[in-house]
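Single-structure report; data block below.
The values are calculated or read from the model by the stated rules, or taken from the named source; none is laboratory data. The structure presented is a predicted model; accordingly, all values stated were derived computationally and were not measured. Glycine gets a Cβ as well: all are built from the backbone with ideal geometry, and neighbour counts include every protein chain shown.
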Amino acid sequence: MVDEFNVMAKRNLVWILAVILLIMLFWQMPDAANRKDTFYQTFIPLADISSQVKKNYVEPVDDEKLLEGAIQGMLQKLDPFSRYIPPSELANFDNQTTGTIQGIGIFPEERSEFLTVLSPLEDSPAFKAGILPGDQILRIDGQTTKNMTWEDAAKLLAGEVGSKLTLEVRHELTGVIEQITVVRDTIHVFSVKGYVRNRDGAWDYRIDPENKIGYIRITSFLTNTWDELDQAYHQLIRQGARGVILDLRFNPGGLLDTAVKVADRFLNEGIIVSTKGKFQEEVVWRATPENTYSPLPLVVLVNNYTASAAEIVSGALKDHKRATVIGVRTYGKGSVQKLISLENGYGAIKLTTAYYYLPNGQNIHRRPGDKIWGVEPDMIVPVSVEEQLAIKDSRRKADVFWGKLPDTMAADDKKMDKCKPVPLWIDTQLKAAIDVLTETLTTKSNEESQAQILETRVSGDE
């Protein structure tokens, strides 16, 4: 009887804490005069429902799961981007924007019955241990990967930094099966990529060497993105680039601070983005003359999967006429989420508190009934679903990282051919970007030639 009383007391405590949490969230709203009555009318049914569930549900009920579900459901009713983050997920959530992960560093390719490596990450423990694209991981710490899903394999490969695991690996190039001990580490994830990899794995950003056109692809906006972009852009400048394509297609966004830094690299003045909210004063981010790149002709590629921070960058460059934007209208994810930590270790909530506005004053966010959202390209170039899939597949192949191959491979021409880096496929939108820059550069060259001729004539007359 005492045990039953303790169980009931624990359940009641959980729900009391739930109500307290809801009060904390609700009490931050304005209009204090109506808070009390509105709260009771709105949230007291929650306690009644929980009571009915515990009395009548056919299976035993986990009160903590009910609590989490109640909070999650309440936030999801607001919009798709507000959510509750339990304590167990907080560390993972932070890692999504830092540009680092913990583990051994491989991209999987589930193309056979065993776990197959599409590519190791640069400088990762897997790469340092000699794991190459196409290698099969047959066992992880003695457990077979036959018919294992990537999700299950990822759980076995994950672990604390410094911990070891033993892999049984079949190398595709040599056919050799060996036991490899790998030490888990923190791995840097690169978000800036180019047209084709060099033999050493570094990116070549020249997509059209003849016309001196560069290509830079940003996959997401992480803490280190702007620094990687600096290296790529300055490399193109040293190689004599005369125009650049910035590819933001399929970019889901990322950090606002990074997006502002990236846009600021191409602009020397003016508004980059502003935020406004019902309970939040307007905040404006402006470009500065510091660290601005040489003003080469610029084309930005976007598509219907270009979102959030990528829309901020493409919209700012379009509005200031710094770039020609090519593709189709962007996704329209222009809501600002604030991470609010909850007391007593209950995790956090990610809550929409404001919207992003482009320099021209347009709200980026797509809301029900809106006819205008996101960024409308200067030049609309649609592609089919099949071509979109081909673009993504081309990127996967171009991203494959070989690095330094074993010395024993040098004389084997057939196998060496297999290891050659694969350049990106020139799809319809990318070709349009190259054509626009080529025409721009040709016109610019003609104007410069005419100016030189005129200057020569004037000098001669003198």
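Figure legend. Inter-residue proximity from region 238-256: first residues in contact (Cβ under 8 Å) with a residue 24 or more places away in the chain, second residues in a loop (DSSP other than H, G, I, E, B) and among the hydrophobic types (A, V, I, L, M, F, W, C), beta-carbon distance below 6 Å, spacing 6+ or different chains. Indicated pairs: G243/L296; V244/L296; P252/A307; G253/A307; G254/L222. Taking only pairs six or more apart or across chains, which ones have beta-carbon atoms under 8 Å, a first residue in region 324-341 that is closer than 15 Å to A307 by Cβ and assigned by TED's automatic domain parsing to the domain that holds L246, and a second residue that is among the small types (G, A, S) and surrounded by fewer than 17 Cβ atoms within 10 Å (Cβ to Cβ)? Filtered contacts from region 324-341: V336/G277. If you check A259 against the conditions, is it crowded, with 17+ Cβ neighbours inside 10 Å, touching a residue at least 24 places away in the same chain (Cβ under 8 Å), touching a Leu at 6+ places or on another chain (Cβ under 6 Å) and not charged (D, E, K, R)? Answer is no for this residue. Here the condition is being of a type outside the set (G, A, S), more than 30 Å from V161 (Cα to Cα), free of Cβ contacts under 8 Å to residues at least 40 places away in the same chain and not assigned by TED's automatic domain parsing to the domain that holds I106; of Y215, Y205, it holds for Y205 alone. Cβ separations smaller than 6 Å between residues 6+ apart or across chains give the following pairs from region 292-318 residues that are over 13 Å from R249 (Cβ atoms) to residues that are in a loop (DSSP other than H, G, I, E, B) and charged (D, E, K, R): S308/K333. Entry remark, region 135-157: residues being of a type outside the set (S, T, N, Q) and farther than 16 Å from I180 by Cα number 8 in total. In region 398-440, of all residues being part of a helix (DSSP H, G or I), modelled with pLDDT under 95 and aliphatic (A, V, I, L, M), the one that is nearest to K193 (Cα to Cα) corresponds to A398. Strands (runs of 3 or more DSSP E) wholly in region 176-220 with at least 3 residues that are surrounded by fewer than 20 Cβ atoms within 10 Å (Cβ to Cβ) and touching a His at 6+ places or on another chain (Cβ under 9 Å) - which ones? Those strands (runs of 3 or more DSSP E) do not exist here; none qualify. Considering the conditions (1) surrounded by 15 or more Cβ atoms within 10 Å (Cβ to Cβ); (2) more than 29 Å from P382 (Cα to Cα); (3) modelled with pLDDT of 95 or more, P297 is excluded by exactly one of them, (2). Listed conditions (1) part of a loop (DSSP other than H, G, I, E, B); (2) without any contact (Cβ under 8 Å) to a residue 12 or more places away in the chain are all met by V375, apart from (2). Among the conditions (1) at pLDDT 95 or above; (2) surrounded by fewer than 17 Cβ atoms within 10 Å (Cβ to Cβ), the only one that P377 does not satisfy is (2).
Taken over region 276-325, the residue count meeting the criterion of being more than 21 Å from the chain's Cα centre (by Cα) and outside any loop (DSSP other than H, G, I, E, B) is 13.
One residue stands out among those in region 335-354 that are of a type in the set (S, T, Y) and surrounded by 14 or more Cβ atoms within 10 Å (Cβ to Cβ): the one that is farthest from the chain's Cα centre (by Cα), which is Y346.
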